[in-house]
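I have placed the structure first, in the form of structure tokens, so that the comments after it can refer back to it.
The values are calculated or read from the model by the stated rules, or taken from the named source; none is laboratory data. All figures in this text were calculated on a predicted structure; none of them were measured in a lab. Counting neighbours? That spans all protein chains shown, and the Cβs are built from the backbone with ideal geometry, glycine included. Accessible surface areas use protein heavy atoms only, side chains included; no ligands, DNA or RNA. Shrake-Rupley method; radii C 1.70, N 1.55, O 1.52, S 1.80 Å.
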Amino acid sequence: MPDILKDAGIFIFPLLACSLVGVFVICERLFSLRRSAILPDELLNEATEGRRGAGEHSSAFGRILRYWHKHEADMGAVRAYARLEVNRMERGLVFLDIVVGAAPLLGLLGTVTGLVTVFGNVSLDTGLPEPALFTKGIAMAMTTTVLGLTVAIPCLIANSYFQRRVETFAVQIESLLEQLGLKDS
């Protein structure tokens, strides 16, 4: 493993940063997008039965209900607040998008740099590259490609999962608000 990291050269640092950002965002969103933090069962059951609780729960849906109780007359404001809560659920996902785009590009940049090292050191006398620089350049090219994809693929999967989860929660919240009587004016 240390050889792989050494072979990546300078590109290990931005790839490591991308990896750390990705792991942090994934862990944070796994915790924040739990059903109990967004739409707990007790509030879901109350809303399904047509009862609008006081919104004493600290979940996203509880905060929407609490806001609704304070602003009963302004249904547009309640809808806007619900959209704000959905936006809050998407927090941090932009960083996963950035990692998904940047990590493979960093890998590609390392690949190109490695190949430049290989072909930039061709002997004019023999027409062959110096063996040590050839090996180093190819190692950098392959290692950075592998590392870039290794960072990007799990982040891509997690980002798609979280986007779908947020979309599902948004539709459920909107449906529950309709059931509870929040209609467009």
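Miscellaneous remarks
- Scanning segment 122-176 for residues that are open to solvent by 60 Å² or more (accessible area, probe 1.4 Å), out of contact with any Ser or Thr (no Cβ under 8 Å at 6 or more places or on another chain) and not in a helix (DSSP H, G or I) turns up LEU124, ASP125, THR126, LEU128.
- Annotation note: of GLU28, GLU42, GLU85, the sole residue that is surrounded by fewer than 18 Cβ atoms within 10 Å (Cβ to Cβ), among the charged types (D, E, K, R) and either assigned to a loop (DSSP other than H, G, I, E, B) or more than 13 Å from the chain's Cα centre (by Cα) (or both) is GLU42.
- Among all positions in segment 88-99, there is at least one residue which is open to solvent by 40 Å² or more (accessible area, probe 1.4 Å), more than 20 Å from ILE153 (Cα to Cα), out of contact with any Gly (no Cβ under 6 Å at 6 or more places or on another chain) and in a helix (DSSP H, G or I).
- For segment 100-121, residues that are in contact with a Leu (Cβ under 7 Å, 6 or more places away or on another chain) and open to solvent by 50 Å² or more (accessible area, probe 1.4 Å) total 1.
- Filtered residue count, segment 107-148, keeping only those that are within 27 Å of the chain's Cα centre (by Cα) and of a type in the set (S, T, N, Q): 4
- Among the conditions (1) within 30 Å of ALA82 (Cβ to Cβ); (2) free of Cβ contacts under 8 Å to residues at least 12 places away in the same chain, VAL100 misses just one, which is (2).
- Residue in segment 33-41 that is modelled with pLDDT under 95, of a type in the set (S, T, N, Q) and at negative phi present: yes
- Per the listing ARG66, ARG51, the residue uniquely open to solvent by 50 Å² or more (accessible area, probe 1.4 Å), modelled with pLDDT under 90, charged (D, E, K, R) and part of a helix (DSSP H, G or I) is ARG66.
- Among the candidates VAL23, VAL78, VAL112, residue that is β-branched (Val, Ile, Thr) and modelled with pLDDT of 95 or more: VAL23
- Filter result for VAL166 (in contact with a His (Cβ under 9 Å, 6 or more places away or on another chain) and either over 30 Å from ARG66 (Cα atoms) or of a type in the set (A, V, I, L, M) (or both)): no
- Test result for GLY9, modelled with pLDDT under 90, open to solvent by less than 50 Å² (accessible area, probe 1.4 Å) and over 30 Å from THR145 (Cα atoms): no
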